[in-house]
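Enquirer: Once you've had a glance at the structure underneath, I'll fire off some questions.
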Amino acid sequence: MAVGDAATGVDIERVRPLKNLDRIAAATLSAAETRQLYRVPAAERAETLLAHWTRKEAVLKSVGCGLVVAPRDLVVSGPGEPPQVVMWPEEVPRGPIRLRMLSSPLGAGYVGAAALAGSGDIALWERDGAEIMEQL
């Protein structure tokens, strides 16, 4: 759960093999992000792509654009770098964005990001949802 004093976007993904990783990368990553993806060992590419994806989706959700904007037009920093927006597409409203990664607190097997569209603080909580998921 993420709570902020401004519009907040969150995305979490389970790290898993991606059958169409090349096609997904072509549709969602910028040229610079794609180069970064193919510099990591093949075994780490799904997690790298999903880390980029969760940062992008969290930012786009926080500014109210969702996937109306092509994800490859929004460039974000990659895993292992301080989370930030590197380049904005023209159609995305600009403003202060705080982007905070959730990958460490989420534990092995998950990556995620939260973005706050504003200059305020963001508070994050992690809860085990296994019991809830079993009831669905």
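None of the figures in this text is laboratory data; all of them are computed from the coordinates on show. In this text the structure is predicted, and so the values were computed from the model without any measurement. Cβ sites come from the backbone with ideal geometry, for glycine too, and all protein chains shown count toward neighbours.
Enquirer: Could you tell me what a quarter of the Cα convex hull surface of region 19-61 works out to, in nm² with one decimal place? Mind showing how you got there, number by number?
Expert: Values: hull surface 11.7 nm².
One quarter of the hull surface, i.e. the mean projection, equals 2.9 nm².
Enquirer: Continuing with this model, one more query. Give me the dipole magnitude in Debye, nearest 20, for region 16-63 about the Cα centre, with unit charges on the beta carbon: positive for Lys and Arg, negative for Asp and Glu. List each step's numbers first, then the result.
Expert: Working: 9 positive and 5 negative charges, 13 e Å.
The dipole of region 16-63 has a size of about 60 debye.
Enquirer: Related question: Report the full-extension gain for the segment LEU67 to ALA27: residue separation times 0.36 nm, less the Cα-Cα distance, to one decimal in nm.
Expert: On the way: separation 40, 0.36 × 40 = 14.40 nm, distance 1.19 nm.
Length gained between LEU67 and ALA27: 13.2 nm.
Enquirer: Label region 1-93 by shape, choosing from rounded, prolate and oblate, from the square roots a ≥ b ≥ c of the eigenvalues of the Cα gyration tensor; if a/c is under 1.5 it is rounded, and otherwise prolate applies when a/b is larger than b/c, oblate when it is not. Intermediate results must be reported in sequence, preceding the final value.
Expert: Values: a/c = 1.84, a/b = 1.48, b/c = 1.24.
Taking the square roots of the gyration eigenvalues as a ≥ b ≥ c, region 1-93 is prolate.
Enquirer: Using R₀ = 35 Å, calculate the FRET efficiency as 1/(1 + (r/R₀)^6) where r is the Cβ-Cβ separation of ALA7 and ALA108; round to 0.05. All intermediate terms of the calculation are to be shown ahead of the outcome.
Expert: Working: r = 30 Å, r/R0 = 0.86.
The calculated FRET efficiency here is 0.70.
Enquirer: Points 7 angstrom from Cα along the Cβ direction at ARG14 and GLU44: gap in nanometres?
Expert: For the pair ARG14/GLU44, the computed spacing is 2.4 nm.
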